[in-house]
Amino acid sequence: MKKLAKIGIALLAIINFSACTQDDEFTFTAKEDPHGIMFSNAATGAYTLTASNGNNLAERFVWNEVDMGVQTPVTYELQGSSSESFSYMSVLAEGTATNAAVTVNQMLDLAEEAGLDNDPETEAPNTGTLYFRVRAYAGSDAANSVEQFSDVMSINVMLPEDDGGAEAPKMNLYLVGDATAFKLE
């Protein structure tokens, strides 16, 4: 009987040890946020873009954070396009932050793609519309299948016509009194 009990205990121990060899596999499924992704800021009336201000900030886009139901970072892409269909678009910023800055140079590049210029000698217009949207996806792999897009924000831009480097008109200043007098000693 003792022998039978020892064999039973050994068999039970072997079964218990072999049962713990496989870990449970958790599968997380990311899903779209039901509230969606939206811009928090609004664009101003029209943006005047000049090459001399190229490195200046043109606009800071801000959007809400999305919750895809999994504990993974959400990556955001700010996309800009010259057409509302986004048939051709540029990624202007990418990261986990919920805002992105766009410079005047980046907007000038999009304006050039839209066929805008500031040359008065050409038929091309110097005003037009640029389009922006945000893409959010789970993780850091841009090819991820779970993604969301914001509504498209349109921005009107104007490129002032180039005056060909004409010299600015000179102004004559007329001052009264001793304001301009100085003495060298």
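Below, the figures for the structure above:
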quantity	calculated
DSSP-defined antiparallel bridges as percent of all bridges, the range 46-158, nearest 5	90 percent
Theoretical FRET efficiency, 1/(1+(r/R0)^6), r = Cβ-Cβ of Asn99 and Met171, R0 45 Å, to 0.05	0.60
The range 64-99: chymotrypsin sites (Phe, Trp or Tyr not before Pro) falling in loop per DSSP and having at most 13 other Cβ within 10 Å	Tyr88
The range 46-158, dipole about Cα centre (Lys/Arg Cβ +1, Asp/Glu Cβ -1), debye to the nearest 20	340 debye
Net length gained if the chain between Arg60 and Ala124 were fully extended (0.36 nm per residue, minus Cα distance)	20.2 nm
Distant-in-sequence amide H partners of Gly128 (H built 1.01 Å from N, under 5 Å)	Val157
Under Karplus coefficients 6.51, -1.76 and 1.60, residue-wise ³J(HN,Hα) of the range 106-114 in Hz, glycine/proline x	5, 5, 5, 4, 5, 5, 5, 5, 7
Residues in the range 87-116 that a label on Ser52 would reach, taking backbone N under 20 Å of a point 7 Å out along Cα→Cβ	103-109
5 angstrom amide H check on Asn64, placed H, neighbours 5+ away	Met38, Ser40
In range of the label at Glu161: residues from the range 86-119 whose backbone nitrogen is under 15 Å from the point 7 Å along Cα→Cβ	117-119
Whole-Hz ³J(HN,Hα) from phi, Karplus 6.51 cos²θ - 1.76 cosθ + 1.60, for the range 89-96, glycine and proline x	9, 10, 8, 8, 7, 8, x, 9
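Any read-out appearing in this document is the output of simple, stated calculations on the displayed coordinates, not a laboratory observation. Nothing here was measured: the structure is a model prediction, and the numbers come from that model. Because the Cβ atoms are built from the backbone with ideal geometry, glycine has one as well, and the counts that use them run over all protein chains shown.
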